[in-house]
Amino acid sequence: MRKIRTGDLVLVTNGRNKGQQGIVRQNLIERNRVVIEGVNIVKKHIKRGRARQAGIVEVEAALHVSNVVLVCPTCSQPSRVGVRRNSDDANERFCKKCDATIPRPSA
């Protein structure tokens, strides 16, 4: 089970974007990376194509998943995420600080 999912609110803990918060837009599971809205903006040189013009555009680059921490929706604190079995014998994520169940993101 993935501890960080698409639609979660996360806080960047390391790097030049340390302290910024954003919602996970894309989860690249096979590369252990996440793309966060409005964080880690880089300039990319785009070659001219049939339907687009050449130029320099700003895009969101991926961050390693170890450099972000989930912000608990219940206590609004950045905390680690645990996984446990619920009464229906299914896995659920929970906040390690307040022990509240983290609901599935609505994304």
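How many residues, within the stretch 1-24, are among the charged types (D, E, K, R) and in a strand (DSSP E or B)? Residues flagged as among the charged types (D, E, K, R) and in a strand (DSSP E or B) within the stretch 1-24 amount to 0. Within the stretch 2-15, the set of residues being basic (K, R) and either free of Cβ contacts under 8 Å to residues at least 60 places away in the same chain or exposed (fewer than 13 other Cβ atoms within 10 Å of the Cβ) (or both) comprises R2 only. Residues in the stretch 25-65 that are among the aliphatic types (A, V, I, L, M), free of Cβ contacts under 8 Å to residues at least 24 places away in the same chain and assigned to a strand (DSSP E or B): I41, V42, I46, I56, V57, V59. Among the residues of the stretch 62-107, those that are surrounded by 14 or more Cβ atoms within 10 Å (Cβ to Cβ), closer than 20 Å to G38 by Cα and of a type in the set (A, V, I, L, M, F, W, C) comprise A62, L63, V65, V68, V69, L70, V71, C72.
Residues being more than 20 Å from the chain's Cα centre (by Cα) and either within 24 Å of T13 (Cβ to Cβ) or of a type outside the set (S, T, N, Q) (or both) are entirely absent from the stretch 29-39. H45 fulfils the conditions (1) buried (at least 16 other Cβ atoms within 10 Å of the Cβ); (2) more than 14 Å from the chain's Cα centre (by Cα) except for a single criterion, (1).
Report whether or not K18 is touching a helix residue (DSSP H, G or I) at 6+ places or on another chain (Cβ under 9 Å) and free of Cβ contacts under 8 Å to residues at least 24 places away in the same chain. Yes, satisfied.
Count of the stretch 69-96 residues, restricted to those that are over 17 Å from T6 (Cα atoms), assigned to a loop (DSSP other than H, G, I, E, B) and out of contact with any Cys (no Cβ under 6 Å at 6 or more places or on another chain), is 8.
Any read-out appearing in this document is the output of simple, stated calculations on the displayed coordinates, not a laboratory observation. These figures come from a predicted structure and were not determined experimentally. Don't worry about glycine lacking a Cβ; one is built from the backbone with ideal geometry, like all the others, and counts go over all protein chains shown.
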